[in-house]
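Worksheet for the structure shown next.
The values are calculated or read from the model by the stated rules, or taken from the named source; none is laboratory data. Everything numeric in this text was worked out from a predicted model, so none of it was measured. We place every Cβ from the backbone using ideal geometry, glycine too, and count neighbours over all the protein chains shown. Just so you know, the surface numbers come from the protein's heavy atoms only, side chains and all, with ligands and any DNA or RNA stripped out. Shrake-Rupley method; radii C 1.70, N 1.55, O 1.52, S 1.80 Å.
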Amino acid sequence: MEHVGAADLSDFREEVGRWISDNFPVSLKNMANPMSREAMAFPTEDQEIWRKAMGAKGWGTPTWPTAYGAAGLTRDHARVIQQELLRAGAYNPIGGMGVMMFGPTLLEYGTAAQKAQHLPPIVRGDFQWCQGFSEPGAGSDLVSLQTRADDKGDHFLVNGQKTWTSGAQWAEWCFCLVRTNPHDKYNGISLVLFPMSTPGVEARPIKLINGNSSFCELFLTDVKVSKDQLVGSLNGGWAIAKRLLQHERTALAGSTTTAVEAYSLRELARKYVGTDAGGRIANPDLRARIVANEMEGRIFKQTALRATAEAKEGGDVSALSSMMKNANTRQMQQRTELAIEILGHQGIGWEGDSFSETELTVVRDFLYGKAPSIYGGSQEVQYNIISKRILGLPS
Amino acid sequence: MAILSEEQSMLREAARGWVDVRSPITAFRKMRDSGNRLHFDTDSWKEQAALGWAGVIIPEAYGGSDFGFLSMGLVLEELGRTLVASPLLASGLVAASAITLGGDEAQKQEWLPAIAEGTAIATLAFEEGAAHVPEKVATTASGTQVGFKISGKKHFVVEGLAADVFIVSARVPDGSDTDQAIELFLVRGDAPGLTRQELKTMDSRGYASLEFHDVEGQRLGSGGNGWSILATTLDRARAGLAAEMLGSATQAFYLTMDYLKTRVQFDSLIGSFQALQHRAARMFMELELARSAVEAALQAVENGASDMPELVSLAKAKVGETLQLVTNEMIQMHGGIGMTDEHDAGLFLKRARVCEAMYGNQSYHRNRYADILGY
Ligand SMILES: Cc1cc2nc3c(=O)[nH]c(=O)nc-3n(C[C@H](O)[C@H](O)[C@H](O)COP(=O)(O)OP(=O)(O)OC[C@H]3O[C@@H](n4cnc5c(N)ncnc54)[C@H](O)[C@@H]3O)c2cc1C
Ligand SMILES: Cc1cc2nc3c(=O)[nH]c(=O)nc-3n(C[C@H](O)[C@H](O)[C@H](O)COP(=O)(O)OP(=O)(O)OC[C@H]3O[C@@H](n4cnc5c(N)ncnc54)[C@H](O)[C@@H]3O)c2cc1C
């Protein structure tokens, strides 16, 4: 990792600040990042303007190589961009699974042709990707997956069923784990790529407890996949998948350190619970629990900073991603529980004019908030990883 | 682990090496069982002083090395690993801070070089009751022609048995009952009218209650800022203690992991049971989080950051919670053997609860954090 002088960075910070104020549509200021798949699938005009501007600049994927249209910057520069976005009340419109996990994995394992084909549209935010990993019989135990790809000479023929595939109904492409050798559990899996428009690909939305349908069942029937869309070697997909899942964990672990928070617990409490004569949140029990949660949030951010600093010094922090994901998830889930509790009767709404937009956001966040301890490797699976790989506890 | 300078890495390695060879936990046990009246081993303390630890935060002009608080934290963390009974925190960090921050030139000349050498032990006497409320001071100091006369009682004075000099908080009479009327005073250990009473605590370390009857004291510095010096000194004390607690928690955790990898029940290593594995993994997570908070607090002390008080409270609360969890689990996961005096688990548990009570417990610090940030 190259080190950057403070002077360089402060010039850069000025440049970024200026560019954001010239390009970021004011109508989007301080809106929570509309990075939910649904919102990305139906963007407003200003959201499109902003995505295209950031995409063309390459700043949505700041550290990726310039060869693919990205900015080729250091992590320090990337942090400056993130900080300036936050300061301006802006968000990074380039995201999704292509950015979080597929891109970094392809950079490592893809052929030159694959990288040239797939990375630029991710950098520009033109294409969204979906992750065809989980199956009805293969969730935490992903290696038991059964969807098979048969070798047909110049192509593979894929048959099977994936499930919980987030954004499959809106994605342009899918990175998909398939079985290419039924006799070898670990060394019989490959990673293939195909456009969602391929005949035989059918995505059926599933409704979630928060009312959204952000994921799908994905049926694959005689889907033809060109052989040049095999990533890595045939039957070598499991190692790549594990690497990809590590990128996913790391991204998920860091997600709340960069997000603009849609609401502040303290402000909600002042408004809905009130304050005492000393100006404190009126209910001491609630106050204590809110503070404890916010302290955990602050410590999580301190830990993220420490991990970044140590990574820069060459320490191996990948082992920490499991711990970070669980810590982040725990704090976030407690936060959303506290939020509905603070709202009282206004924290049980589902829809309609009796509830404000913020109140409904709190409820929907609380409901969706149950998911992060399940996806990306469940909480229990992360604890297994920590106890086996980090602590060396026996099987 | 924070990014360390070369000097800091060397200091930590030296401390780790010394602790492992010269002061493993058996040394603590030996001291405890020896009936040692001071509750620390004076030869061991001489070795620590010879390594320069007592002068780590003392300016070079007064015989210290001025290595700073991160460095002091590194040493204290290592001492915490084997529960080394040492006056380093009380004298080399807490009292040295108060004198450096508040003393006049003559007072600094008189005490700091001796503290840095380890030849004098100084300590802060400020607690008066069961709860940690440092601004609640009933001890009085009345001015006379020659100096001040101190009267009152101090409780739970760390290294109060060994101290050569006390830094005592007291109220000056002209003032109100506000914090502004609090000043700090240097009182010699052999001053007439001062009596010390040993406090026997579960961690077998040296504490005393003090009684002052018209005891001669010298005001620290020129007065007027006693409370702010005390407040800053206490935050430094908390950050230093937090580092020690982190060391104890880390060690208690890894000793427990070792046991899970050796104890067999049901024809299996007990570490293979998922019920224990997940609790172990959670402890690992809390330890990593606590380490971040402690390092950030030490850094804030080092930089004199304006948000030091809140960061210190964040750290003391988090490391307190983590140490409590880990020491409880250490006993639980050891089963019956963990309940015995012969096993070290109990030593960690007992020290943990004393550290928890010192300089404000979790509840105190969560509440303080909330007050500072206006919740
Ligand atoms: C909102 C959401 C979005 C998702 N998006 C995608 C996506 O885009 N693409 C994709 O491929 N998948 C996606 N998933 C699927 C996700 O990866 C799986 O849900 C996850 O891997 C868990 O698998 P499962 O649901 O089959 O639960 P199971 O594996 O059946 O787990 C059930 C319970 O058993 C526990 N458990 C399982 N194994 C162990 C063990 N060894 N030790 C202890 N406890 C264990 C689990 O922790 C869990 O509590 C998504 C899931 C959700 C909720
Ligand atoms: C104060 C006291 C008084 C006692 N009095 C008597 C007495 O009068 N007579 C007598 O016979 N015994 C007595 N005992 C012994 C007591 O019954 C044992 O301590 C107890 O059965 C646990 O066994 P252990 O100490 O060998 O711990 P272990 O069995 O070695 O357990 C160590 C740890 O591993 C955990 N563990 C073990 N197996 C599993 C598993 N399968 N899954 C998950 N976790 C597991 C345990 O919960 C514990 O946390 C006494 C113990 C104490 C502390």
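Some notes on this structure:
- Counting Cβ atoms of other protein chains within 10 Å of each residue's Cβ and taking the mean over peptide A:301-308 gives 5.
- Cα Rg over Rh - segment A:254-390, Kirkwood: 1.04
- A protection proxy built from the mean count of other Cβ atoms within 10 Å ranks the segments B:116-128, B:33-45, most packed first, as B:116-128, B:33-45.
- Size-normalised alpha-carbon gyration radius of segment A:6-94, reference 2.2 N^0.38 Å: 1.06
- C-alpha center-to-center spacing [segment A:312-386, segment B:26-65] in angstrom: 47 Å
- Segments A:225-233, A:52-60 sorted - mean Cβ within 10 Å per residue, highest first: A:52-60, A:225-233
- Spherically averaged projected area of segment B:242-362 from its Cα convex hull (nm²): 7.4 nm²
- Within a Gaussian network of chain A (alpha carbon springs, distance under 10 Å), most fluctuating of A:Ser373, A:Ser140, A:Ser21: A:Ser21
- Distance from segment B:197-222 to segment B:316-337 (C-alpha centre basis), Å: 31 Å
- Cut-off 11 Å between beta-carbons: net charge of the residues surrounding B:Tyr364, Lys and Arg +1, Asp and Glu -1: +2
- Percent of alpha-carbon pairs separated by more than 48 Å within the protein assembly as shown: 30 percent
- Packing-based order for A:381-388, B:46-53, using average beta carbon neighbours within 10 Å, highest first: A:381-388, B:46-53
- Here the Gaussian network model covers chain B, with springs between Cα atoms less than 10 Å apart; of B:Gly240, B:Gly189, B:Gly80, B:Gly189 fluctuates the most.
- Counting only Cβ charges, +1 for Lys and Arg and -1 for Asp and Glu, the dipole size of chain A around its Cα centre is about 640 debye.
- Other residues within the sphere of radius under 11 Å centred on the Cβ of A:Ile189, judged by their own Cβ, net out at +3 (K and R +1, D and E -1).
- Using Cβ point charges alone (K and R +1, D and E -1), the dipole size of the protein assembly as shown about the Cα centre works out to roughly 1520 debye.
- Threshold 10 Å², segment A:375-394 residues less accessible with all protein chains present than alone (1.4 Å probe): A:Glu380, A:Tyr383, A:Asn384, A:Ile386, A:Ser387, A:Lys388, A:Ile390, A:Leu391, A:Gly392, A:Leu393, A:Pro394
- The Rg/Rh ratio of segment B:94-189, with Rg taken over Cα atoms and Rh as the Kirkwood radius over Cα pairs, comes to 0.96.
- Debye intensity ratio in log₁₀ form over the Cα atoms of chain B, taken at each q of 0.12 Å⁻¹: -0.88
- When chain B is treated as a Gaussian network with alpha carbon springs shorter than 10 Å, the biggest mean-square fluctuation among B:Ala96, B:Ala141, B:Ala61 belongs to B:Ala61.
- Within segment B:230-372: Cβ-based charge dipole about Cα centre, in debye rounded to nearest 20 (Lys, Arg +1; Asp, Glu -1): 160 debye
- Rounded to the nearest angstrom and listed largest first, the equivalent-ellipsoid semi-axes of segment B:254-293 from its Cα gyration tensor are 24, 10, 4.
- Net +/- balance of residues flanking A:Leu360 in space, Cβ distance below 11 Å, scoring K and R +1, D and E -1: -4
- Normalised by residue count, segment B:203-267 yields a Cα convex hull volume of 140 Å³ per residue.
- The mean number of partner chain beta-carbon atoms within 10 angstrom of a residue's beta-carbon across peptide B:365-372 is 4.
- Overall, the ratio between the Cα radius of gyration of segment B:16-147 and 2.2 N^0.38 Å, rounded to two decimals, is 1.17.
- Area hidden from solvent between B and A (accessible, protein heavy atoms only, 1.4 Å, total, Å²): 3400 Å²
- Calculated Rg and Dmax of segment A:129-236 using C-alpha coordinates, Å: 13.3, 45
- Two-decimal Rg to Rh for chain A - Kirkwood Rh, Cα set: 0.97
- For residues of A:321-328, the mean tally of beta carbons on other chains within 10 Å: 3
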